[in-house]
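Presented below is the structure to which this report refers.
The values are calculated or read from the model by the stated rules, or taken from the named source; none is laboratory data. None of the values given here were measured: they were computed from a predicted structure. Note: ideal-geometry Cβ built from the backbone for every residue, glycine included; neighbour counts use all protein chains shown. Each accessible area value is taken on the protein alone, full model and side chains, heavy atoms only, with ligands, DNA and RNA left out. Shrake-Rupley method; radii C 1.70, N 1.55, O 1.52, S 1.80 Å.
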Amino acid sequence: MSAAFPSASASGVRAPHERDDEREVVIRVRDLEVGFGERLIMKGLDLDVYRGEILGFVGPSGQGKSVLTRAILGLVPKRAGSIEVFGENVDNMTESSRSEIERRWGVLFQQGALFSALTVRQNVQVPMREYLELSPRLLDELAMLKIEMVGLKPDAADKLPSELSGGMIKRASLARALSLDPEILFLDEPTSGLDPIGAGEFDELIATLQRTLGLTVFMVTHDLDSLYTVCDRIAALGDGRIIAHGPIDAMLASEDPWVRAYFHGKRARSAMSAGG
Amino acid sequence: MGAKELGGRRDEADARDPKAEFERHGDDVRAWLSGRWTVEHAGSVEREMASLVDAAADCGRVLFDLSEIDRLDTLGAWVLDRTRHDFGAQGVAADFVGVRSEHHILLNEVAYRGFQPEPVKSSPGFRDLLADVGEAVVNAGRDFAHGVSFLGEVIAALTRVVVNPRRFRVPALTNQLEQIAFRGVPIIVLICFLVGCIVAQQGLFQLQRFGAQTFVVNLVGILVLRELGVLLTSIMVAGRSGAAFTAEIGSMKMREEIDALRVMGLDPIEVLIVPRILALVIGLPILAFLGSMAALLGAGLVAWIYGDIVPDVFLTRLKATIEFKTFLVGMIKAPFMALVIGLIASMEGMRVEGSAESLGRHVTSSVVKSIFMVIVLDGFFAMFFAAIRL
């Protein structure tokens, strides 16, 4: 009953210090191994994502943050280990339960990945047309609702992706990711390429949507402001595994040299003083 | 009593489907909503609401009781709020009761408002057909003018390269030569070989009836060296390399790489197009020569097998009938064909806009236009050579 809406404390007021073992795990990754050719990118990686949280995922460039996201989404094959989504192991899934799961997550790709031949409205309607039985009126209204929810003006609905600015592409792509009211939202560097004001607004938008829709958000990011302002928990990737995880305080207290350099650098200090 | 009835219903196993039960007291309608009002049940959500609206159309007040709703998402919230709004517009007071806090947030977020509908495209009529024809004619004229000006730009860039040879990009040229000429050899030789076989076989069968089967050598020799070799090769190159040029240049245009070259002070025509066109102009004659030889080989084999014309006889006859100028007439066309293919492919590539669809359209039109122009050009050459009696 509370599946779509977790406890009010998790969705409305955030409680990052709630004990982990009491919360439902929506994504559970164990001993994950991913590699290309000779190169091993993930080695024995464990990760839990809890329902209703915003998890920020950081790590040095080229260490495979996007690869992990793609491995969870099934776009990159894994060599060993297990991935469970909503308590089901993705390896043992039938095709129909797999597509059932795919309807329950939405993905915002780094470059937006909007279909370039379709308008924004048609992009948002693609998953709806494919999966839902909707009257034309409702189809149109829902698409416009999502477009307005992500903060785009109505006249953007009939534009092609090539006519949009970078920030608008991110928003339109977010509207598409939200079109089936997913439970998990994957964001791959959502604020990269946005100006600081636009990035701040985008963070705020994610937080608002997370509160109202009860989303679980998995966010790969480099943006320290995002980490400070919207993330409940942060996981840091290094050497093919998670080297540190926890709320921002835990990251600040971490002894790992990379995590220290990341969260105690000059940019981090300014983000901290600005964020609160 | 309605509530009791509802209670009985709720005990049934499948309580997941969205349901709207209602009860009427005079002018008032009270509706109990239950189940999952979510996208998975979009069809039932719409149907339940529509039947409720039908039943309660003429009452004075509607109360929606949302306390039994299992799940609500933006779709459910939207349909609920829209229905409430529609009732309001008909003068029926409608309200929600028993709203849980998380549902309240959602209802506020979606708050019904009218949207401008998608602009409707008018269906094509006779006038649009005429307009399309006119547009196509004008565009063809513009294409031609654009082609000529593009040729000018390419020649200007070539001249700059000739005047200042240090600007010439040898690695780019050799790379393109490998892609166009070297890697194209197997398929072009194979196709020409097969066409040579087929022409020789048909020629043999037709000429046998007149006892003139040895003339198959004349037929194949002149046909292949004057027309077929270069024409087949050009068509293959237009499909193979022309399409590749358009796609390469087009995707560079899409990703602003062409603009990046420009702002670095590099001329895209000089950097990208001159090496490609030069490689075509050098590569196509070589391919046409190899293709012609392959076609003659195929013809010789077929003549030997089907017509008992031994290779010695075939070669002697070939030497007797083919003058060197026949060969030259064929080969002289190849560089011009190459130029036309290169120009059309580059022009179409530079016209690609932002979408994948546009890339596909321009690659198609590049191949279609270059094959068409190659054949037209071949026709003009035939007329020209006939006029000067070659």
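Picking from B:84, B:100, which residue would you name as being charged (D, E, K, R), surrounded by 12 or more Cβ atoms within 10 Å (Cβ to Cβ), within 9 Å of chain A (Cβ to nearest Cβ) and in contact (Cβ under 8 Å) with a residue 12 or more places away in the chain? Can you show your working first?
Values: B:84 fails: within 9 Å of chain A (Cβ to nearest Cβ).
Checking each option against the conditions leaves just B:100.
What is the number of the single condition among (1) assigned to a helix (DSSP H, G or I); (2) closer than 20 Å to residue B:31 by Cα that residue B:94 does not meet?
(1)
I need a count of the residues in the range A:102-137 that are assigned to a helix (DSSP H, G or I) and within 14 Å of residue A:157 (Cα to Cα). Working first, answer last.
Narrowing the range A:102-137 to residues assigned to a helix (DSSP H, G or I): A:102-103, A:120-131, A:136-137.
After this cut, where a residue has to be within 14 Å of residue A:157 (Cα to Cα) as well, the list is A:120-126.
Qualifying residue count, the range A:102-137: 7.
Taking the options B:372, B:381, name whichever one is part of a helix (DSSP H, G or I) and surrounded by fewer than 16 Cβ atoms within 10 Å (Cβ to Cβ).
B:372
Out of the range B:255-270, which residues are of a type outside the set (D, E, K, R) and either crowded, with 17+ Cβ neighbours inside 10 Å or not in a helix (DSSP H, G or I) (or both)? Even if it seems obvious, please write down each step before you answer.
Just the residues of the range B:255-270 that are of a type outside the set (D, E, K, R), to begin with: B:258, B:260-261, B:263-266, B:268-269.
Across the range B:255-270, the qualifying residues are B:258, B:261, B:264, B:265, B:266, B:268, B:269.
Quick check on this structure: which one of A:88, A:95, A:100 is out of contact with any strand residue (DSSP E or B) (no Cβ under 6 Å at 6 or more places or on another chain) and within 14 Å of chain B (Cβ to nearest Cβ)?
Details: A:88 fails: within 14 Å of chain B (Cβ to nearest Cβ); A:95 fails: within 14 Å of chain B (Cβ to nearest Cβ).
The unique qualifying residue is A:100.
Would you be able to tell me the number of residues in the range B:342-369 that are among the small types (Gly, Ala, Ser), surrounded by 19 or more Cβ atoms within 10 Å (Cβ to Cβ) and under 19 Å from residue B:145 (Cα atoms)?
Residues that pass the stated criteria total 5.
Which of the residues belonging to the range A:147-177 are farther than 23 Å from residue A:104 by Cα, open to solvent by less than 40 Å² (accessible area, probe 1.4 Å) and not in a helix (DSSP H, G or I)?
From the range A:147-177, those farther than 23 Å from residue A:104 by Cα are A:152-168; that's our starting set.
Of the ones still in play, those that are also open to solvent by less than 40 Å² (accessible area, probe 1.4 Å) are A:152, A:156-157, A:161, A:164, A:167.
Once the filter is applied, which keeps residues that are farther than 23 Å from residue A:104 by Cα, open to solvent by less than 40 Å² (accessible area, probe 1.4 Å) and not in a helix (DSSP H, G or I), the range A:147-177 yields A:152, A:157, A:164.
Only one of these conditions is not met by residue A:248: (1) open to solvent by 70 Å² or more (accessible area, probe 1.4 Å); (2) modelled with pLDDT of 80 or more. Which number is it?
Just one mismatch for residue A:248, condition (1).
Restricting attention to the range B:66-75, does a residue exist that is polar (S, T, N, Q), more than 15 Å from residue B:94 (Cβ to Cβ), more than 48 Å from the chain's Cα centre (by Cα) and more than 10 Å from chain A (Cβ to nearest Cβ)?
Going residue by residue through the range B:66-75, those that are polar (S, T, N, Q) are B:67, B:74.
Among the residues that remain, those that are also more than 15 Å from residue B:94 (Cβ to Cβ) are: B:67, B:74.
Those left that are additionally more than 48 Å from the chain's Cα centre (by Cα): B:67.
In the following step, the residues that additionally are more than 10 Å from chain A (Cβ to nearest Cβ) were identified as B:67.
There is at least one residue in the range B:66-75 that is polar (S, T, N, Q), more than 15 Å from residue B:94 (Cβ to Cβ), more than 48 Å from the chain's Cα centre (by Cα) and more than 10 Å from chain A (Cβ to nearest Cβ).
Residue B:79: surrounded by 21 or more Cβ atoms within 10 Å (Cβ to Cβ) and within 13 Å of chain A (Cβ to nearest Cβ), yes or no? Full working, then the answer.
Values: surrounded by 21 or more Cβ atoms within 10 Å (Cβ to Cβ): yes; within 13 Å of chain A (Cβ to nearest Cβ): yes.
It is true that residue B:79 is surrounded by 21 or more Cβ atoms within 10 Å (Cβ to Cβ) and within 13 Å of chain A (Cβ to nearest Cβ).
In the range B:40-63, how many are farther than 14 Å from residue A:138 by Cα and among the hydroxyl-bearing types (Ser, Thr, Tyr)?
Result for the range B:40-63: 1.
Any chance the range B:231-254 includes a residue that's under 20 Å from residue B:369 (Cα atoms), buried (at least 17 other Cβ atoms within 10 Å of the Cβ), touching a Cys at 6+ places or on another chain (Cβ under 8 Å) and of a type outside the set (A, V, I, L, M)?
yes
Look through the range A:32-56, keep the residues that are in contact with a Ser or Thr (Cβ under 7 Å, 6 or more places away or on another chain) and part of a loop (DSSP other than H, G, I, E, B), and return whichever of them is nearest to residue A:80 (Cα to Cα). Please lay out each step first, then the result.
If we filter the range A:32-56 for residues that are in contact with a Ser or Thr (Cβ under 7 Å, 6 or more places away or on another chain), which is where we start, we get A:49, A:51-53, A:56.
If we keep only those that are part of a loop (DSSP other than H, G, I, E, B) too, we end up with A:51-53.
Values: A:51: 25, A:52: 28, A:53: 27 Å.
Checked the range A:32-56; the qualifying residue nearest to residue A:80 (Cα to Cα) is A:51.
Can you pull out every residue in the range A:149-159 that is at the interface with another protein chain (Cβ under 8 Å from one of its Cβ atoms) and charged (D, E, K, R)?
Within the range A:149-159, the first condition is being at the interface with another protein chain (Cβ under 8 Å from one of its Cβ atoms), and the residues that meet it are A:149, A:154, A:157-158.
Within the range A:149-159, just A:158 meets the criteria.
Between A:52, A:59, which is over 22 Å from residue A:148 (Cβ atoms) and in contact with a Pro (Cβ under 6 Å, 6 or more places away or on another chain)? Spell out how you get there, then give the answer.
Numbers: A:59 fails: in contact with a Pro (Cβ under 6 Å, 6 or more places away or on another chain).
Sole residue among the options that is over 22 Å from residue A:148 (Cβ atoms) and in contact with a Pro (Cβ under 6 Å, 6 or more places away or on another chain): A:52.
Hey, among A:141, A:183, which residue is surrounded by 20 or more Cβ atoms within 10 Å (Cβ to Cβ), of a type outside the set (Val, Ile, Thr), within 10 Å of chain B (Cβ to nearest Cβ) and without any contact (Cβ under 8 Å) to a residue 12 or more places away in the chain? Break it down stepwise before answering.
On the way: A:183 fails: without any contact (Cβ under 8 Å) to a residue 12 or more places away in the chain.
Result of the check over A:141, A:183: A:141.
Just need a number here: residues in the range B:331-385 that are away from chain A (no Cβ under 14 Å), within 13 Å of the chain's Cα centre (by Cα) and among the small types (Gly, Ala, Ser).
Adding up the residues that qualify gives 3.
From the list A:27, A:72, pick out the single residue that is at pLDDT 85 or above, surrounded by 14 or more Cβ atoms within 10 Å (Cβ to Cβ), under 21 Å from residue A:190 (Cβ atoms) and not assigned by TED's automatic domain parsing to the domain that holds residue A:228. Give the steps one after another, and end with the answer.
Numbers: A:72 fails: not assigned by TED's automatic domain parsing to the domain that holds residue A:228.
Among A:27, A:72, only A:27 is at pLDDT 85 or above, surrounded by 14 or more Cβ atoms within 10 Å (Cβ to Cβ), under 21 Å from residue A:190 (Cβ atoms) and not assigned by TED's automatic domain parsing to the domain that holds residue A:228.
State all residues of the range A:35-59 that are more than 18 Å from the chain's Cα centre (by Cα) and within 22 Å of residue A:263 (Cβ to Cβ); if no residue qualifies, say none.
Selection gives A:45 alone.
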